[in-house]
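The values are calculated or read from the model by the stated rules, or taken from the named source; none is laboratory data. Fair warning: this is a prediction, and the values are worked out from it, not measured in the lab. Cβ placement follows ideal geometry from the backbone for every residue including glycine, while neighbour counts extend to all protein chains displayed. With ligands, DNA and RNA removed, areas are computed over all heavy atoms of the protein, side chains included. Shrake-Rupley method; radii C 1.70, N 1.55, O 1.52, S 1.80 Å.
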Amino acid sequence: MSTKDGGPMFPIATIVNGNGDVQPGWNGASLRDWFAGQVLAAACSEEGPETAAILAYEYADAMLAQREKQP
């Protein structure tokens, strides 16, 4: 399993201090979880639930790895 999750799927800006510095906040699922969910939706029609879940995160990890290679 990947140690990188792609960060938050829908980050929100959160004010960190009175100087107006902002930093991405966390709002729910990671990008990895979203990728896996998209694969899971398709895989469920062809695989059992355990196999579909394993495949979903394997595809999500591959998508994140490819995303890091892009310029």
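Brief remarks on what is shown
- Electrostatic tally near residue 52: other residues with Cβ closer than 14 Å to its Cβ, Lys and Arg +1, Asp and Glu -1, net -4.
- Per-residue SASA entry for residue 4, accessible area with 1.4 Å probe, Å² rounded to 10: 110
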